[in-house]
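Asker: First the structure, then my questions, so here it is.
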Amino acid sequence: MAKAANVDKVKRLRGWVQNYDWGRCGAEAQVARLLALNSGAEVKPDRPYAEFWMGTHDSGPSFLADGYGEGQNVGLKEWIRKNPNVLGHKVLEKWGPDLPFLFKVLSVAKALSIQAHPDKELAKELLKLKPNLYKDGNHKPEMALAITEFRALCGFITLEELKGVLVDIPEIVELVGNASAKQVLDIDKQDGAEKVKYALRSVFTQLMSASKEMATKSIAKLKSRLHVESQLRCLTEKEQLVLHLEKQYPGDIGVISAFFFNYVELNPGEALYLGANEPHAYLSGECIECMATSDNVVRAGLTPKHRDIQTLCSMLTYKQGYPDILKGFPLSPYITRYLPPFEEFEVDRCILPKGASTIFPSIPGPSIFLVFLGKGTFHIGSREDIVTEGDVLFAPSNMEITISTSSELQLYRAGVNSRFFHTAL
């Protein structure tokens, strides 16, 4: 029984995989590699492996890897509820006996839906109105940290860029109508932000609300025009992207709506964060992702799943401009921290060369570690734990961990945003 009651050790976890159809297939997916290493599961070559989840969300919960004397298939959520002090009192006081963050790895082969995540108020309302579609009442701010080159659509382009789109892409004007297009084209810099927001909302809603028949017709026209023009000039990056999306989702209104969004390319080690009610679509690549514990997604394009166009168009902030890219800041020679403006989470990336060691200091909240590559040792007090790639470990609050390696080690840590502990004093 002493072992069961012992909550001052790291706990090895089994992660959960989501096989969404946009995932990379078989062994080429990092998600599949991690699943096989983490749980010994067989990887099927023709099956998509989209997301590897580490956390307590009911749609993909983690389990204690060997029960730790507490029986088989003990969920991390259940174990935390029985041992709430592992969270630290500030986290427990703020979020109750549950992890406030959800940690993931994504392997993206084709575009995810054009989507946004509701704020807390809207999430509670959607849960009440459509519980079959929206499974929890929490918001879902998130951050994607690129492992490979990673591409995404994120947020609306500037007013000047939008005017250029309406001038250069006649197929969009056909779909939204001359009046909506003119409303945007007639705005000048003296007009207030609210007028700009109203015009953008109006033209975007008209576009996304176009009938399937109209969308299919306009996309076919766009496609044939761009093929002709490609013989005479180099297509822009965005035009090439739209043709690529059309192959993945023929006739989908999301294809043509891509012209409205910023096209973002992250290099490995760069991160992108997204607040509530911000439109985005991940396009390709692999990333570490962290978010508040929620799975609420409002979709409107590039998807075979349910679309809630009215909700999406009414909930967006309609902020314009290129998103902030986080490059992280060094905590130590081997650890880089990514700190988004959300209380629930932060992510550390640790790349430890052969023979090196580093310290993750004691903090007043819980952490989840993912050993991504290599092998090393966790030193906690007088105890030592060998860790290898694919291992996922839960570390309770107030635990200093020294990590060493005799080969090379790459790992990621998710925890509660350290700024929360400063403001919670």
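The values are calculated or read from the model by the stated rules, or taken from the named source; none is laboratory data. Since the model is a prediction, treat every value here as computed from it, not as a measurement. As a convention, Cβ positions derive from the backbone with ideal geometry for all residues, glycine included, and neighbour counts pool all protein chains shown. These accessible areas exclude ligands, DNA and RNA; they are computed on the full protein's heavy atoms, side chains included. Shrake-Rupley method; radii C 1.70, N 1.55, O 1.52, S 1.80 Å.
Asker: Counting only residues that are surrounded by fewer than 19 Cβ atoms within 10 Å (Cβ to Cβ) and out of contact with any helix residue (DSSP H, G or I) (no Cβ under 7 Å at 6 or more places or on another chain), how many does the stretch 375-397 have? Outline the logic, then answer.
Answerer: Here is the first cut: in the stretch 375-397, the ones surrounded by fewer than 19 Cβ atoms within 10 Å (Cβ to Cβ) are 375, 377, 379-386, 388-389.
Remaining after also requiring out of contact with any helix residue (DSSP H, G or I) (no Cβ under 7 Å at 6 or more places or on another chain): 375, 377, 379-386, 388.
The total comes to 11.
Asker: On to the next question. Being part of a loop (DSSP other than H, G, I, E, B) and open to solvent by 10 Å² or more (accessible area, probe 1.4 Å) is the filter here; which residues of the stretch 127-139 pass it? Write out each step before concluding.
Answerer: Initially, the stretch 127-139 is screened for residues part of a loop (DSSP other than H, G, I, E, B), giving 130-139.
Passing the criteria: Lys130, Pro131, Asn132, Leu133, Lys135, Asp136, Gly137, Asn138, His139.
Asker: Additional query: So which of Tyr273, Tyr263 ends up being open to solvent by 30 Å² or more (accessible area, probe 1.4 Å) and in contact with a Cys (Cβ under 9 Å, 6 or more places away or on another chain)?
Answerer: Checking each option against the conditions leaves just Tyr263.
Asker: Could we say that Pro333 is under 30 Å from Phe259 (Cβ atoms) and of a type outside the set (A, V, I, L, M, F, W, C) here?
Answerer: Spelling it out, it is not the case that Pro333 is under 30 Å from Phe259 (Cβ atoms) and of a type outside the set (A, V, I, L, M, F, W, C).
Asker: Just checking, does the stretch 262-282 include any residue being of a type in the set (Gly, Ala, Ser) and assigned to a helix (DSSP H, G or I)? Steps first, please.
Answerer: Applying the first criterion (of a type in the set (Gly, Ala, Ser)) to the stretch 262-282 yields 269, 271, 275-276, 281.
Adding the requirement that they be assigned to a helix (DSSP H, G or I) leaves none.
No: zero hits.
Asker: Could you grab the pairs with beta carbons closer than 6 Å, sequence gap of 6+ or different chains, first residue in the stretch 301-321 and on the phi > 0 side of the Ramachandran plot, second one open to solvent by 20 Å² or more (accessible area, probe 1.4 Å) and not aromatic (Phe, Trp, Tyr)?
Answerer: Matching pairs, first to second residue: Tyr318/Lys197; Tyr318/Arg201; Gly321/Thr158.
Asker: Shifting gears a bit: Could you check Gln320 against (1) open to solvent by less than 10 Å² (accessible area, probe 1.4 Å); (2) in contact with a Ser or Thr (Cβ under 6 Å, 6 or more places away or on another chain); (3) closer than 19 Å to Pro341 by Cβ and say which number it fails?
Answerer: The single condition Gln320 does not satisfy is (1).
Asker: If you don't mind, there's one more thing I want to ask. Among (1) modelled with pLDDT of 95 or more; (2) at negative phi, which single condition is Lys135 missing?
Answerer: (1)
Asker: Right, something else. Any residue in the stretch 80-92 that is closer than 27 Å to Gln248 by Cβ and touching a residue at least 60 places away in the same chain (Cβ under 8 Å)?
Answerer: There is no residue in the stretch 80-92 that is closer than 27 Å to Gln248 by Cβ and touching a residue at least 60 places away in the same chain (Cβ under 8 Å).
Asker: Let me ask something else about it. Looking at Arg307 and the list (1) open to solvent by 10 Å² or more (accessible area, probe 1.4 Å); (2) part of a strand (DSSP E or B), which single condition is not satisfied?
Answerer: Looking at each condition in turn, Arg307 falls short on (2).
Asker: Please go through the stretch 110-126 and pick out each residue that is open to solvent by 50 Å² or more (accessible area, probe 1.4 Å) and part of a loop (DSSP other than H, G, I, E, B).
Answerer: Lys110, Asp119
Asker: Would you check if there is a residue in the stretch 150-158 being open to solvent by 70 Å² or more (accessible area, probe 1.4 Å), modelled with pLDDT of 95 or more and not in a strand (DSSP E or B)?
Answerer: Looking for residues that are open to solvent by 70 Å² or more (accessible area, probe 1.4 Å), modelled with pLDDT of 95 or more and not in a strand (DSSP E or B), one finds none in the stretch 150-158, hence no.
Asker: Something else now. Right, Lys217: over 23 Å from Glu278 (Cα atoms), open to solvent by 80 Å² or more (accessible area, probe 1.4 Å) and either among the basic types (Lys, Arg) or within 29 Å of the chain's Cα centre (by Cα) (or both) or not?
Answerer: When the stated conditions are applied, Lys217 passes them.
Asker: Something else: Just one of Lys223, Lys238, Lys247, Lys217 is part of a helix (DSSP H, G or I), assigned by the TED database to the domain that holds Gly177 and over 30 Å from Arg24 (Cα atoms); which is it?
Answerer: Lys217
Asker: Ser406 passes all but one of (1) farther than 16 Å from Phe52 by Cβ; (2) modelled with pLDDT of 95 or more; which number fails?
Answerer: Unmet for Ser406, out of (1) farther than 16 Å from Phe52 by Cβ; (2) modelled with pLDDT of 95 or more: (2).
Asker: Restricting the search to the stretch 358-399, which residues are part of a loop (DSSP other than H, G, I, E, B) and more than 28 Å from the chain's Cα centre (by Cα)?
Answerer: Passing the criteria: Gly381, Ser382.
Asker: Let me ask you something else. Condition first: assigned to a strand (DSSP E or B) and either of a type in the set (A, V, I, L, M, F, W, C) or open to solvent by 10 Å² or more (accessible area, probe 1.4 Å) (or both). Now tell me which residues in the stretch 343-357 satisfy that.
Answerer: Restricting attention to the stretch 343-357, the residues satisfying the condition of being assigned to a strand (DSSP E or B) are 346-352, 357.
Passing the criteria: Val347, Arg349, Cys350, Ile351, Leu352, Ser357.
Asker: Can you work out which of the residues in the stretch 171-198 that are in contact (Cβ under 8 Å) with a residue 24 or more places away in the chain and among the acidic types (Asp, Glu) is surrounded by the most Cβ atoms within 10 Å (Cβ to Cβ)?
Answerer: Within the stretch 171-198, the match that is surrounded by the most Cβ atoms within 10 Å (Cβ to Cβ) is Glu171.
Asker: Would you be able to tell me the number of residues in the stretch 250-261 that are under 26 Å from Pro141 (Cα atoms) and in a loop (DSSP other than H, G, I, E, B)?
Answerer: Number satisfying all stated conditions: 0.
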